[in-house]
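K.L.:
Before anything else, here's the structure in question.
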Amino acid sequence: MACAVPGVPWNPARLAPTFALARGLPIYALRETGAHLGWIYGPVFPLWYLPFGLLENPTVALVLAAGWNACTLISPVGFVLWAVFRAQAGVVVRVTFCGILLLFANPTTLAGFYFLHVDAVCVACVLAACVALHARVWRGWQAGLPMAALAVALAMATKQLAVIFVPASIVWLWREGHGRLVRAWLFWLVVCGGGLAAVFLYAFGAEELVFNLYWFHAHNPWQGTWGLLGARILELAADCGVWGAVVVIGALVLRPRQQARLGPAAGSMVRLLGSAALWQLPVGLIATLKVGGGLNSVHALSYALVAGLIVLGAAIIQHDADQRTGQGNFRTIWLPGIVGVLVVIISIRLVVKRNVVLMPDRGLEQLVAESKANRGKHYYPWNPLITILSDRKVYPFDDALKCLWIAQLEPPVEAIRAAIPTGAVIFYQEPSQSKFVLNYLGPELRPAAFPQREP
């Protein structure tokens, strides 16, 4: 899968801000500026991948970034399980492996391994916050609240939707009987969130951040309402079909004694993750209704999965204990085994269907080499990474101009034309999602533009 990442057209565009940041180029632009990269999220993601942005070989950078992305998706799952079952290392390994298979068995979560996007980093920060907050409540770790608040601040500075974890955590504290910690929790959220915001506002520009992180989203229109919401829910349900089957079969095997098996601390962590999932689900679904939104914004899937894995871990511990005392039964052995085989088969099928290659696509290297040989004469509207490496400049990203136009925040036409190299040859990778930039390049090119704007 790591080898497939360089060939996905979205990935170079999404890592372009990281490469720009590594070369001292701006990643946020005001409306009046023509050179927009379309980065409408916080700066944590570009910083998280910054070591790879320092590389000059795009293929190597993207393959290594894909590995780092996979670690970002998987490691927090193991981290939460270790925090709950720290005395059972074998159980942590086994359940984490089951979690990886289940991530592969759901098309929505599987896509996270192929597309380098902010969602993996955002979910990782929220899961880290859950561990720190849980440690403060159940082990009295004094640094738990400030560490959890810092993780939440980083999550919100990755993707704005993470703000919904704040009410979810407050409700959890209150329901767990720790309402006395709410005031301190809010204090640390303000301190860490305000401090991080001050640093980023100073480093990246207050106007630029407000325009890209708030003003654009406030003006971004809806692409659908109730009909689209119903379609999203049905698509989500279909993608989670394997998970649902595993839950049903697991319930038949485990029977109703699971709450006692979990233990108070493990049960509390399940409730925290469940609260995060319940609060995030409607917000994530609403985000899919905005122009450009997709099911990747439904982070509730990840939180619910980790909660289910904790239940699975407790069941494995109970099963091992029953086997040692001779109280186990045949059903608890063969039925999970059948389920495991089916999940492996389905996971492999989905991975192969998504696209697996044995050697990385090295086309980006050739394009960068040709662009370096013709500096200022090539323009790749759907791949700003190439000219960041060759020209050390930010040229307008086609999708960014289209989204700004849809949001009625279109930059001045003169500024867009000034940001495009004069007389450059324009390259689109086909099939291209849009050719919006052609609207600005004269009457001979406008007929090929899509979507088309008025002259």
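K.L.:
In the list Leu278, Leu262, which residue meets the criterion of being surrounded by 14 or more Cβ atoms within 10 Å (Cβ to Cβ), modelled with pLDDT of 90 or more and not β-branched (Val, Ile, Thr)?
P.N.:
The unique qualifying residue is Leu278.
K.L.:
Does Leu273 satisfy being in the same structural domain as Cys122 (by TED's automatic domain parsing), surrounded by fewer than 19 Cβ atoms within 10 Å (Cβ to Cβ) and part of a helix (DSSP H, G or I)?
P.N.:
Considered against the rule, which asks whether it is in the same structural domain as Cys122 (by TED's automatic domain parsing), surrounded by fewer than 19 Cβ atoms within 10 Å (Cβ to Cβ) and part of a helix (DSSP H, G or I), Leu273 comes out as no.
K.L.:
Consider Gly423 against the criteria (1) assigned to a helix (DSSP H, G or I); (2) over 24 Å from Glu208 (Cα atoms): it satisfies all of them except one. Which criterion is unmet?
P.N.:
Of the numbered conditions (1) assigned to a helix (DSSP H, G or I); (2) over 24 Å from Glu208 (Cα atoms), the odd one out for Gly423 is (1).
K.L.:
Suppose the filter is over 15 Å from Val80 (Cβ atoms), under 19 Å from the mean Cα position of the chain (by Cα) and modelled with pLDDT of 95 or more; does Ala184 pass it?
P.N.:
no
K.L.:
Which one of these is in a helix (DSSP H, G or I), in the same structural domain as Arg349 (by TED's automatic domain parsing) and either exposed (fewer than 12 other Cβ atoms within 10 Å of the Cβ) or modelled with pLDDT under 95 (or both): Ala231, Ala203?
P.N.:
The conditions single out Ala203.
K.L.:
Could you please let me know if Ile388 is in a helix (DSSP H, G or I), modelled with pLDDT of 95 or more, more than 25 Å from the chain's Cα centre (by Cα) and not assigned by TED's automatic domain parsing to the domain that holds Tyr114?
P.N.:
No; evaluated as a whole, the condition is false for this residue.
K.L.:
Go through the range 261-282 and give me each residue that's touching a residue at least 40 places away in the same chain (Cβ under 8 Å) and within 18 Å of Leu301 (Cα to Cα).
P.N.:
The answer is Met269, Val270, Arg271, Leu272, Leu273, Ser275, Ala276, Leu278, Trp279, Gln280.
K.L.:
Related question: Is there a residue in the range 263-285 that is under 30 Å from Arg31 (Cβ atoms) and hydrophobic (A, V, I, L, M, F, W, C)?
P.N.:
For the range 263-285, residues under 30 Å from Arg31 (Cβ atoms) and hydrophobic (A, V, I, L, M, F, W, C): present.
K.L.:
Something else: Which residues, taken from the range 284-305, are more than 15 Å from the chain's Cα centre (by Cα) and either closer than 10 Å to Arg232 by Cβ or surrounded by fewer than 19 Cβ atoms within 10 Å (Cβ to Cβ) (or both)?
P.N.:
Listed by number, the residues that qualify are Ile286, Leu289, Lys290, Val291.
K.L.:
Also: Please specify each residue of the range 202-249 satisfying the condition of being of a type in the set (Asp, Glu) and over 25 Å from Leu110 (Cα atoms).
P.N.:
Those that are of a type in the set (Asp, Glu) and over 25 Å from Leu110 (Cα atoms): Glu207, Glu208.
K.L.:
Identify the residue in the range 11-59 that is under 21 Å from Tyr114 (Cβ atoms) and touching an Asp or Glu at 6+ places or on another chain (Cβ under 9 Å) and, among all such residues, is surrounded by the fewest Cβ atoms within 10 Å (Cβ to Cβ).
P.N.:
Asn57
K.L.:
Just to be sure I understand, how many residues within the range 40-76 are of a type in the set (A, V, I, L, M), part of a helix (DSSP H, G or I) and either assigned by TED's automatic domain parsing to the domain that holds Ala4 or over 14 Å from the mean Cα position of the chain (by Cα) (or both)?
P.N.:
7
K.L.:
I'm checking my understanding of the structure. Among residues of the range 140-165 that are surrounded by fewer than 18 Cβ atoms within 10 Å (Cβ to Cβ) and among the hydrophobic types (A, V, I, L, M, F, W, C), which one is nearest to Lys290 (Cα to Cα)?
P.N.:
Ranking the candidates gives Val163 first.
K.L.:
Give just the number: which of (1) at pLDDT 90 or above; (2) out of contact with any Pro (no Cβ under 6 Å at 6 or more places or on another chain) does Phe397 not satisfy?
P.N.:
(2)
K.L.:
Return the pair list, or none, for Cβ contacts closer than 7 Å from residues in the range 347-368 that are part of a helix (DSSP H, G or I) to residues that are among the small types (Gly, Ala, Ser) and surrounded by 13 or more Cβ atoms within 10 Å (Cβ to Cβ), at least 6 apart or on different chains.
P.N.:
Short answer, once both residue conditions are applied: Ser347/Ala105; Leu350/Ala105; Val368/Ser390.
K.L.:
Hey, another quick one. What's the total number of residues in the range 104-120 that are part of a helix (DSSP H, G or I) and either touching an Asp or Glu at 6+ places or on another chain (Cβ under 6 Å) or surrounded by fewer than 22 Cβ atoms within 10 Å (Cβ to Cβ) (or both)?
P.N.:
5
K.L.:
Also, I was wondering about something else. Only one of these is more than 25 Å from Asp239 (Cα to Cα) and among the hydrophobic types (A, V, I, L, M, F, W, C): Ala70, Ala16, Ala2. Name it.
P.N.:
Testing whether each residue is more than 25 Å from Asp239 (Cα to Cα) and among the hydrophobic types (A, V, I, L, M, F, W, C) leaves just Ala16.
K.L.:
Listed residues Ala415, Ala407, Ala419, Ala424; which is surrounded by 15 or more Cβ atoms within 10 Å (Cβ to Cβ), in contact with a strand residue (DSSP E or B) (Cβ under 6 Å, 6 or more places away or on another chain), under 23 Å from Pro17 (Cβ atoms) and not polar (S, T, N, Q)?
P.N.:
Answer to the selection: Ala424.
K.L.:
Among the aliphatic types (A, V, I, L, M) and in contact (Cβ under 8 Å) with a residue 24 or more places away in the chain: is that true of Val92 in this structure?
P.N.:
yes
K.L.:
If you don't mind, another one. Sort out which residues of the range 129-171 are more than 25 Å from Ser297 (Cα to Cα) and of a type in the set (A, V, I, L, M, F, W, C), and write them in order of number.
P.N.:
Within the range 129-171, Ala135, Val137, Trp138, Trp141, Ala143, Leu145 qualify.
K.L.:
Whether any residue in the range 333-346 is surrounded by 17 or more Cβ atoms within 10 Å (Cβ to Cβ) and modelled with pLDDT under 80 is what I want to check.
P.N.:
The answer is yes; a qualifying residue exists.
K.L.:
Any residue at all in the range 446-455 that is surrounded by fewer than 22 Cβ atoms within 10 Å (Cβ to Cβ), under 22 Å from Glu32 (Cα atoms) and touching a residue at least 60 places away in the same chain (Cβ under 8 Å)?
P.N.:
no
The values are calculated or read from the model by the stated rules, or taken from the named source; none is laboratory data. Note that the structure is a prediction, hence the values are computed from the model and not measured. Backbone-built Cβ (ideal geometry, glycine too); neighbour counts: all protein chains shown.
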